[in-house]
Every structure is written in C-alpha cells, then in structure tokens.
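*Asks:* This is the structure, below, for whatever I ask next.
The values are calculated or read from the model by the stated rules, or taken from the named source; none is laboratory data. For clarity, every value in this text was computed on a predicted model and none was experimentally measured. Backbone-built Cβ (ideal geometry, glycine too); neighbour counts: all protein chains shown. The protein model used for the area step is the full one, side chains on, heavy atoms only, and it has no ligands, DNA or RNA in it. Shrake-Rupley method; radii C 1.70, N 1.55, O 1.52, S 1.80 Å.
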Amino acid sequence: MTEKNKLLTILEKVLPKDIPAEIAVVTQSQEASWLRHNSMVQGSKVDNVLVQVRVEENGRVGEGTTNVFNLPSLRQAVSQARKGAFCPGPLVLSGSKGYRELSLASATLEQSPQDRASLLTKITDLAGRASLLVDGSLTANVAEIAVVNSLGVSAYTKAASAEFEITVSSSTGPGRGYGYFCHPNAEKLDVISPFLIAAAKCQSSDKQQPLPAGEYTVILEPAAVAGLMEVAAKIFFDGQAFIQQQTPISQLGEKLFSEQLTIWDDSLDPRGLQLPFDFEGTPKQRLSLVNRGIVQGVCLDNESAAKLNAVSTGHSLPGVGTPRPGHLVLEAGNAMLDDMIASTKRGILVSRFHGISILDPREAVITGTTAGGTLLVENGKLTAALPDLRFVQNLVGALDSIEMTGDETRLLGGLWGSFLVPALKLNNFTFLTGNTGQI
Amino acid sequence: MDLLNRQGGIILEQLLKHGLDAAFAAGADYVELTGVDVEEQKWNIENARPSCRRNREAGISLRLIAAGRWGFAAGPATNKPAVSQLVKAALEGANVQPSNRHPVELSTAFPATGSWAGACAQDPFTISNAELLEMLEETDQAMTVEGIEQRRAWLHFRREHRHYLNSEGSSNQQAFTLSGGGITAQAFGEGEVQQRSWPSPQGSYAGKGYEYIKELDLPGHSQQIAQEAFALTKAPACPQEVMDVILLGPMLATQIHYTLGVRLQLGMLDSLDLQLTSQLRLGSPALSLGADASLPGGAGSFGFDAEGVKAQSFPLIERGRVVNYLSGRETAAETGRFSGGCMRSPSLYSPPVPWMTNVIMGTETCSLGELAGDIKRGILMDTPRSYTVNPQLSGFAAQSEIGWMIEDGVITHMVKNPFYRGNSKAFWSGCDAAAAISHQKYYGIMDKGIAVGHSVVPVRIRSVRVGDRR
C-alpha cells in the first residue's frame, strides 16, 4: 500500500497542466487460500495496479492505461493518451467536492495465510466427518483508489473485503450445496454457517427427481436474488443502455415492477462494502432506482450524464465502460424464509443461479440455470430434491410477481459490485424440462 | 520490451534468476517464474464516434511448490526487492499448517529451452492511426442503413513478450502477436432488439498481425449485416419444434468450445474420475476433434505452454470417443500421463490452468448443399447471440442472431430468435454428417481472457429442440 499523500503527490506531478486531464489509480492486493476436495491446495497473493489516464487534446479525448506505477511509466501513459486522442470531446470532469473519509478494517489487511488455513481447516474437518467434499476459497482484498483531475479533484480512499465461497458436493451422488459469506472485516467472517447450510443442501439433494416444464412459484434465497440483481443492473439501471434505448424502461417514473420492490444504490451503507467516491472522483450518495415498483433512476457517469443534460450519479466503474450500480440494496420486507416455504402449495426453492445470459435486453428475457441445491416445496414443506433447472424468464414479469420479501438482507458480491439483498418469493417463473443433465 | 527488460533481456533474466535462487534457498521444492511485458491497443467506433485505448502492462508471476502445495504470487515487480517480496508471499501461502494430505505431484517433463515468435506479417503497431481510423469510419458508414440504431466496429491488438524459467532447467522466450476485430449492427423492432455481427458479437482473433484484420474484411461485410439486422425485425419468429439443424461458423465454434472443449480440460469438473471413464463417448462417429498448439496463426498457438512444456498436437475425440484430454503437468500426473502442454493463463495475475489451445474439427466429404439437401425441415445457424451451459457442463442453451429455414432441402427464408437447447452428449450424438475440408473456416474465441483458435466445418445435427423457450 502506498501512503495517501505520496500517491496523490505523484499523480499531481504527472497530471498535464496544459489540457483537461484525469488520472485514476486502483491498486488491489488479493490474498487467497484455495480448497480442492477438502485439501488446501494453494495459497496466493496478487498485487494488481490499474492506472487510467484520460485527456482532452484539441477537443478530442484519449485514454491510456498501465499497471506499472512509477514516474516514467505514468508519463508514458499520459503521452499515449495524448497521442490517441480521437474521440470527440469534451472530456467531462468531476468538480472538486468533499467526500466522506472512511476507515479500513485493519483485520482484513492483517489476515495471514495461516489465519486463513486455520479457518479452512475447521471446514475440511467437518466435511471429512460428514463424508462430504468441499471446494472453494477464502479471500482477503484490500484496495486503494485515488483520483486527481484538472478541476482540483484529489481523492483517496481504501477499501476492503473478505469473502468465503464454497461448493459442497456429495462423494456418492449428484448433491451440491453452495455457501457464501462476505464482510468488510475479515475478523467477522463466518465460515461455519455457510458450510452447514451448504452441507445440508448437499445431503438433501443427493436423490433428485425430475420436474415437468412450466410456470412455478419460486423462493429465491439471497444468493439467487443477487444473481438476478446482477443482470437487472445491466438491463434496467445502466445509464448507457438507457440512453441507447436498450432497456424496457422508456422513461423514468414508469411502474414496471411489484409494489414490494424497492431498490437503491448506496456505497456509504455501513452494512456493505463502502466506497466514498467513484472512479471519476464524484462523491457517492444514495441513488433511488426503484420505489414501490416505480423506476426512479438510472446510474450515470460524467459522459452519460452530459448526454442527458444531467449530473453524474457517481457510478463510473473501472474496466466496465458503462455506469452501473456497484452497491445495490434491495429493501427487506417482513417474511421469514420459513414463512415463504410454509405458505407455498407447490414451488421451488432456489439456492442460487448459474450462467445467467440475456436473450433480449429490451424484452428483458434472460436464461440460466439453478445451482447449488434446488428443492421442491409441496404443501408448505421441502419434499424433494430437484436437478439444476434451466429457466427462460422475462425479468420484468418475474419482479412484478413478488409475493413475499425476506426480513433479512445478506451481503453478496465483491469490492466493485456488491448486493445487499433479502430472499424473495415470486409467483411467476418459467422452467424448462427438469431432468438431470437434460437442461 | 522496455518496461521490464530495458537492456535486451538482461535485467528481466536477472530478476527471474534472483527469484528462482531465493525461492530455492528458502526451501521451495519446485519454482517457475514468468516475466511478461504487454502492449495493447483497443480501437472502437460506435455510431461514428471513434475511441482508442492504449495499455502497457509488465510484471512477474511466480509459482512454487512447498510443503506439498502451490504458492503463487504476482505483481508489477520491476526490481530485486519486489521479486523477493513475491517469493516471500508465495512461500507463506504454501507453507501453512496442517500439511497437505495430498501433496502436489508433477508429471515428468524434459527440460525444454528455446525461443518462439508467433506469425506477424504486418505489425499492427506500425499501422498509422489515420489508416486505422479510415478503415473504421468506412465500416461504420457502410452500416448506416435504414432501421439501424446502433453500430459498432472494433479492433484489438496485443503484443506480449514472455520470458519463462523453472527450477528443472527449462527456459524460453516467446513473442505473441494477437489481432482481433468485429462489427455489430442493431435494429430496434417492436419491444425488441435484433442484431447481426461479423464474424460474431465477440469478433474473432488470430495469432497474426494486421493481415488478419484485412482477412476479416470488416468494411466488406458491414452493409450486409446491417441490412440483415433490420430485416430480422420484420422476420417471422423461429418455429417451435424438433427439427434438424446445420451449424456453421462462429455458432459451431462456440458450440464446440463450451460443450466439448471445456469438458476436455482436465480438472475443470469437480471430479477427475468423471472424465476418465475410458473411451468416454461424447458424440456420434461423425464427430472428431484435435488440439494443435502449433497451428500457424492460431489464436491459441505458442511454442511452450505456461509450464515450459513444448507445444503439442494430438487427437481429442476420434469418431465420437474421447481419446485424450487437455492437461498440464499436475493433472497429467493424477491420471498417469505426460502433460499435454495445455497450461495457459489469461494474465500474469492468474495461475495457469489446463485450457484449449487450437481446436481442430475433423472433416468429412459433404458439401453444404448435400448437408441441407437431406433435410426435410430444419434450420441453419451461424452466429451466436447468447450461450450458456449448466454447472456440470452436461446441458446448454443457445440462441443464434439469425436462422435460415430449410424446407425440402432448400434454404427458404430467415427467422428471428432461433433458440435451441439440449443435453450435450445427446446433441452431438445426433451429428450425422460434417462437411469437406474445402468448407473449413477458422475463428478465434476470447474466453475469460484466453484466446482459443477453432477450425470448423459445417455439421448437420438431427432432431434438435428448436425455438421452444417455454
């Protein structure tokens, strides 16, 4: 990690003074321990740097990037950006505004490979005793973000996350269970609960029965809701897609979804992975996206905001190219997961989704499969395990059919894209034939 | 190669040797280091708005075995103290308690040394900005036809110098040039977006210079794909029924990539045992595939893989049965084989994994007309729009940008949204004919940052469930 003042001083030294310019730096250190079939097979540490220079030269915008953070390399990136200025300008820059200083959980920074190994050993011991196999990883991420520009922005922050992700599989059958936990503070990482949930799912899904194609009620656990929200972020809340009319939203204020659906983006929420400004240095604030089913807003960076004669909502992301929510929150309701199951005559409990793909963005038609444990609900009880099921679904229709919303939110995702979401019960979800391997 | 290697390779070689010696002195049982220097240009034109991004990237990755497990560290290390930090991090990652109950074993590999450079007749980094812009503007202009709302053309050039060293005496220097590009036109219909791309929405890549961009002929395909995109908004929907299918082009390359290639990457599934059923059948006798990491100009070509093993060429599937896998030294050892030389990584920040190189499809004797001629009712698809596989890779769902109906052996009209799905093995078991070598085409797919070459000929698949999204 570089000291704040040292980092900003170097950037300001390199920032061109004769033209509008911006330099953004992201350094990310990721340490991870990897499990394969109950053995810790690899420990890793990766230090990555992304320096992005954007300039306006003779009314045209150019961009250069590098991963080497020293003066010659930074100057070369500036020179490359100036030489490659072909995109019609102007370069829209954020003005200098204050942002909230955040403190970093030091435990995440200090977690050692042995700390991670000790946590994972608890899991492998439990799995071994239950004749289950665990694959997965435990990761600590620490990042620095710094932005300087010609309008006086000089912003710096640190960010951190610790993540635990596992798949528990049966050594004798097709059963699978998925477990995940994420927290900004590595000390608060709970590895036991996700394992127990995943193990239970795995054991209960070893004997699977086929399911006829059709529309079903679904109970989506938070990891499954996060999967839908990830694709919803692309389809509904991407400002660039909104400008290009590649979305079902024709105008803000439209009621598209169930009244039970309220979504916002808030990177200052202390329950999530906090970030005080975006990668153009725009200070973050809460942005309402959907209020009681009515579309309220889309995410904008400086360029997309200029096209709409609006101001940036602070959603410039590194490497994505289009502005999207990075800290999406779905408002919790008052239903417990058990209530959702108990109130269901016939439905499907989904642990998570896999491989969601957009078939048509304007129609919001998506496809994917369930994964990590899919269970049949009959007369208020979990009665049987199902194979992974393929769905083809209109996402507007699905989110317009919310019957119940969970009372607890869970944090899922990573540093640059996280989701604080509850479980949802939807009345309308279309599955194709559900024979194992026939999806 | 000036970011890391300013004095003709001497500095980089010294850094790698320093890391090797330091790791051994600290107790590593096996060490390998790779120094990478990358130069990239990404050109884009979207609705007449051009942009260009230039990237330079350099660093070192280090992988070692200590206490029976892997330690990996990577970063933009440009001096000895930084390399020492990589050694320390990798060792700390591996040297944890309890010890590994199943220590890593590597298959024997004979030390290989040498240098290799990929094909590059016309260096893309010497093409003037004016020439590139002119070509992109011409392409964009040609897509400006009735009904087209979004136009995009792009180019990607990547030059990578790689220097590898391991503790068993292997060392090599390689220079890769990768060129890719593509175009997409979108038309908006009633509540829908229809698109056509060339060669595919993800373009196509080859291990060649600018000559590959000329081969792609983006301007020459622009007008036709734009007209087809608009025509799709008025085309009938694909019928929902079980019918025969002809797959070709990038649609076929994508189908092979995800339903066959990924399954043959040893270690990709949870259990190796699943893959090692001897003579596993994945398709009909009309299906044959091979891997060739030495294909001239292939997107997945190299001289040595990421473990320093020489490039190889071998059959993967013969007449529907699996005869070999894509492996590295660890997965080969687990299965009692020698490495297939297929270890690849998307960047210096990721440890290598067994991955496809260039996948070459076996040819038969049919012409395209003969494939269609024997179809009473079917559909021809050549460009993927969407593709997903299930977690165990046994099932898939795909949608092509465009479908061409075949009725009584004749192509009759276009249909939109041709969606098909199935079980991979059942799908390929329905393959009853492949075209002759004269129909062979090459496409390069970029999958998770790793470029893979695919050489394909059109195939006919019987009895596929098409059009049914319900």
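*Asks:* (1) free of Cβ contacts under 8 Å to residues at least 12 places away in the same chain; (2) within 24 Å of B:SER367 (Cβ to Cβ): which one isn't true of B:ILE246, the others all being true?
*Replies:* Among (1) free of Cβ contacts under 8 Å to residues at least 12 places away in the same chain; (2) within 24 Å of B:SER367 (Cβ to Cβ), the lone unmet condition for B:ILE246 is (1).
For (1) at pLDDT 95 or above; (2) open to solvent by 10 Å² or more (accessible area, probe 1.4 Å); (3) under 21 Å from the mean Cα position of the chain (by Cα), each residue gets a yes or a no:
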site: A:ASP265; (1), (2), (3): yes, no, yes
site: A:LEU287; (1), (2), (3): yes, yes, yes
site: A:CYS299; (1), (2), (3): yes, no, yes
site: A:THR313; (1), (2), (3): yes, yes, yes
site: A:GLY321; (1), (2), (3): no, yes, yes
site: A:GLY326; (1), (2), (3): no, no, yes
site: A:LEU330; (1), (2), (3): yes, no, yes
site: A:THR344; (1), (2), (3): yes, no, no
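*Asks:* Please find, among A:ASP18, A:ASP47, the residue that is in a loop (DSSP other than H, G, I, E, B), without any contact (Cβ under 8 Å) to a residue 24 or more places away in the chain and either of a type in the set (Asp, Glu) or in contact with a Ser or Thr (Cβ under 6 Å, 6 or more places away or on another chain) (or both). Full working, then the answer.
*Replies:* Values: A:ASP47 fails: in a loop (DSSP other than H, G, I, E, B).
After ruling out the rest, the residue left standing is A:ASP18.
*Asks:* Looking only at residues that are open to solvent by less than 10 Å² (accessible area, probe 1.4 Å) and hydroxyl-bearing (Ser, Thr, Tyr) in region A:145-188, which one is farthest from A:VAL350 (Cα to Cα)?
*Replies:* A:THR157
*Asks:* Would region B:360-377 turn up any residue that is out of contact with any Ser or Thr (no Cβ under 7 Å at 6 or more places or on another chain) and under 22 Å from B:TYR325 (Cα atoms)? If you could, list the steps in order and put the result at the bottom.
*Replies:* Looking only at region B:360-377, we keep the residues that are out of contact with any Ser or Thr (no Cβ under 7 Å at 6 or more places or on another chain), and these are B:363-377.
Subsequent filtering for residues that are under 22 Å from B:TYR325 (Cα atoms) retains B:363.
Yes, the conditions are met somewhere in region B:360-377.
*Asks:* Can you name every one of the strands (runs of 3 or more DSSP E) wholly within region B:341-398 that holds 3 or more residues which are more than 14 Å from every other protein chain (Cβ to nearest Cβ)? Before you say what the answer is, go through the steps one by one.
*Replies:* Working: elements: B:358-361, B:377-381, B:384-389.
Qualifying strands (runs of 3 or more DSSP E): B:358-361, B:377-381.
*Asks:* Take A:SER112 and decide whether it is under 27 Å from the mean Cα position of the chain (by Cα) and within 13 Å of chain B (Cβ to nearest Cβ). Walk me through how you get there before you give the answer.
*Replies:* On the way: under 27 Å from the mean Cα position of the chain (by Cα): yes; within 13 Å of chain B (Cβ to nearest Cβ): yes.
Against the criterion (under 27 Å from the mean Cα position of the chain (by Cα) and within 13 Å of chain B (Cβ to nearest Cβ)), A:SER112 qualifies.
*Asks:* For region B:329-340, state whether one or more residues are in contact with a Pro (Cβ under 8 Å, 6 or more places away or on another chain), open to solvent by less than 40 Å² (accessible area, probe 1.4 Å) and farther than 21 Å from B:GLY180 by Cβ. Talk me through it step by step, then tell me what you get.
*Replies:* Taking region B:329-340 first, the residues in contact with a Pro (Cβ under 8 Å, 6 or more places away or on another chain) are B:331, B:340.
Keeping just the survivors that are open to solvent by less than 40 Å² (accessible area, probe 1.4 Å) gives B:331, B:340.
With the extra rule that they be farther than 21 Å from B:GLY180 by Cβ, the set shrinks to B:331, B:340.
For region B:329-340, residues in contact with a Pro (Cβ under 8 Å, 6 or more places away or on another chain), open to solvent by less than 40 Å² (accessible area, probe 1.4 Å) and farther than 21 Å from B:GLY180 by Cβ: present.
*Asks:* Determine which member of the set A:PHE164, A:PHE195 is free of Cβ contacts under 8 Å to residues at least 60 places away in the same chain and either assigned by TED's automatic domain parsing to the domain that holds A:ARG129 or not acidic (Asp, Glu) (or both). Spell out the reasoning first.
*Replies:* Details: A:PHE195 fails: free of Cβ contacts under 8 Å to residues at least 60 places away in the same chain.
Answer to the check: A:PHE164.
*Asks:* In the set B:TRP70, B:TRP43, which member is facing chain A (nearest Cβ under 7 Å) and either open to solvent by 60 Å² or more (accessible area, probe 1.4 Å) or touching a residue at least 60 places away in the same chain (Cβ under 8 Å) (or both)?
*Replies:* Values: B:TRP43 fails: facing chain A (nearest Cβ under 7 Å).
Answer to the selection: B:TRP70.
*Asks:* Please determine, by comparing only the residues of region B:206-262 that are of a type outside the set (Asp, Glu) and part of a strand (DSSP E or B), which one is nearest to B:VAL359 (Cα to Cα). Can you show your working first?
*Replies:* Here is the first cut: in region B:206-262, the ones of a type outside the set (Asp, Glu) are B:206-210, B:212-214, B:216, B:218-227, B:229-240, B:242-243, B:245-262.
Keeping just the survivors that are part of a strand (DSSP E or B) gives B:206, B:237, B:242-243, B:245-247.
On the way: B:ALA206: 13, B:ALA237: 33, B:VAL242: 29, B:MET243: 27, B:VAL245: 22, B:ILE246: 19, B:LEU247: 16 Å.
Per the criteria, the residue is B:ALA206.
*Asks:* Does any residue of region B:154-175 turn out to be assigned to a loop (DSSP other than H, G, I, E, B), under 30 Å from B:ALA28 (Cα atoms) and touching a strand residue (DSSP E or B) at 6+ places or on another chain (Cβ under 6 Å)?
*Replies:* Quick first cut of region B:154-175, residues assigned to a loop (DSSP other than H, G, I, E, B) only: B:167-170.
Pick out the ones that are also under 30 Å from B:ALA28 (Cα atoms) and you get B:167-170.
Checking which are touching a strand residue (DSSP E or B) at 6+ places or on another chain (Cβ under 6 Å) leaves us with B:167.
Checked region B:154-175: at least one residue is assigned to a loop (DSSP other than H, G, I, E, B), under 30 Å from B:ALA28 (Cα atoms) and touching a strand residue (DSSP E or B) at 6+ places or on another chain (Cβ under 6 Å).
*Asks:* In addition: Which numbered condition in (1) surrounded by fewer than 21 Cβ atoms within 10 Å (Cβ to Cβ); (2) touching a residue at least 12 places away in the same chain (Cβ under 8 Å) is the only one that B:GLY220 fails?
*Replies:* Exception for B:GLY220: condition (2).
*Asks:* What's the number of the only condition in (1) touching a Pro at 6+ places or on another chain (Cβ under 9 Å); (2) aromatic (Phe, Trp, Tyr); (3) modelled with pLDDT under 95 that B:TYR443 fails to meet?
*Replies:* (3)
*Asks:* Listed residues A:SER33, A:SER29, A:SER79, A:SER44; which is surrounded by fewer than 22 Cβ atoms within 10 Å (Cβ to Cβ), of a type in the set (S, T, N, Q) and facing another protein chain (nearest Cβ under 9 Å)? If you could, list the steps in order and put the result at the bottom.
*Replies:* Values: A:SER33 fails: surrounded by fewer than 22 Cβ atoms within 10 Å (Cβ to Cβ); A:SER79 fails: facing another protein chain (nearest Cβ under 9 Å); A:SER44 fails: surrounded by fewer than 22 Cβ atoms within 10 Å (Cβ to Cβ).
So the residue among A:SER33, A:SER29, A:SER79, A:SER44 that is surrounded by fewer than 22 Cβ atoms within 10 Å (Cβ to Cβ), of a type in the set (S, T, N, Q) and facing another protein chain (nearest Cβ under 9 Å) is A:SER29.
*Asks:* Could you pull out the residue among A:LEU411, A:LEU375 that is modelled with pLDDT of 95 or more, assigned to a strand (DSSP E or B) and away from chain B (no Cβ under 14 Å)?
*Replies:* Sole residue among the options that is modelled with pLDDT of 95 or more, assigned to a strand (DSSP E or B) and away from chain B (no Cβ under 14 Å): A:LEU411.
*Asks:* Which numbered condition in (1) open to solvent by less than 60 Å² (accessible area, probe 1.4 Å); (2) closer than 30 Å to B:PRO50 by Cβ is the only one that B:VAL104 fails?
*Replies:* Checking B:VAL104 against (1) open to solvent by less than 60 Å² (accessible area, probe 1.4 Å); (2) closer than 30 Å to B:PRO50 by Cβ, the one that fails is (2).
*Asks:* Here is a further query. Among the residues of region B:355-387, which ones are without any contact (Cβ under 8 Å) to a residue 24 or more places away in the chain and open to solvent by 10 Å² or more (accessible area, probe 1.4 Å)?
*Replies:* B:GLY369
*Asks:* Any idea which residue in region B:73-102 is farthest from A:ASP47 (Cα to Cα), counting only those that are more than 9 Å from chain A (Cβ to nearest Cβ) and in a loop (DSSP other than H, G, I, E, B)?
*Replies:* Among those that are more than 9 Å from chain A (Cβ to nearest Cβ) and in a loop (DSSP other than H, G, I, E, B), it is B:SER99.
*Asks:* Additional query: Does region B:227-238 hold any residues that are open to solvent by less than 30 Å² (accessible area, probe 1.4 Å) and either more than 11 Å from B:GLN194 (Cβ to Cβ) or in contact with a Pro (Cβ under 8 Å, 6 or more places away or on another chain) (or both), and which are they? Explain how you work it out, then say what you get.
*Replies:* Restricting attention to region B:227-238, the residues satisfying the condition of being open to solvent by less than 30 Å² (accessible area, probe 1.4 Å) are B:228-229, B:232-233, B:235, B:238.
If the condition is that a residue be open to solvent by less than 30 Å² (accessible area, probe 1.4 Å) and either more than 11 Å from B:GLN194 (Cβ to Cβ) or in contact with a Pro (Cβ under 8 Å, 6 or more places away or on another chain) (or both), then B:CYS238 is the only one that fits.
*Asks:* Considering each of B:GLY75, B:GLY19, B:GLY35 in turn, give the residue that is open to solvent by less than 30 Å² (accessible area, probe 1.4 Å) and touching a Gly at 6+ places or on another chain (Cβ under 6 Å). Full working, then the answer.
*Replies:* Details: B:GLY19 fails: touching a Gly at 6+ places or on another chain (Cβ under 6 Å); B:GLY35 fails: touching a Gly at 6+ places or on another chain (Cβ under 6 Å).
Matching residue, one of B:GLY75, B:GLY19, B:GLY35: B:GLY75.
*Asks:* Return the residue satisfying two criteria in turn: it lies in region A:148-175 and is of a type in the set (Gly, Ala, Ser) and part of a strand (DSSP E or B), and of such residues it is farthest from A:SER103 (Cα to Cα). Break it down stepwise before answering.
*Replies:* Just the residues of region A:148-175 that are of a type in the set (Gly, Ala, Ser), to begin with: A:150, A:152, A:154-155, A:159-162, A:169-171, A:173, A:175.
Then drop every residue that is not part of a strand (DSSP E or B), which leaves A:154-155, A:159-162, A:169-170.
Working: A:SER154: 18, A:ALA155: 14, A:ALA159: 8, A:ALA160: 10, A:SER161: 13, A:ALA162: 15, A:SER169: 38, A:SER170: 42 Å.
Only one residue tops the list, namely A:SER170.
*Asks:* Taking region A:9-28, which residues are within 26 Å of the chain's Cα centre (by Cα) and β-branched (Val, Ile, Thr)?
*Replies:* A:ILE23, A:VAL25, A:VAL26, A:THR27
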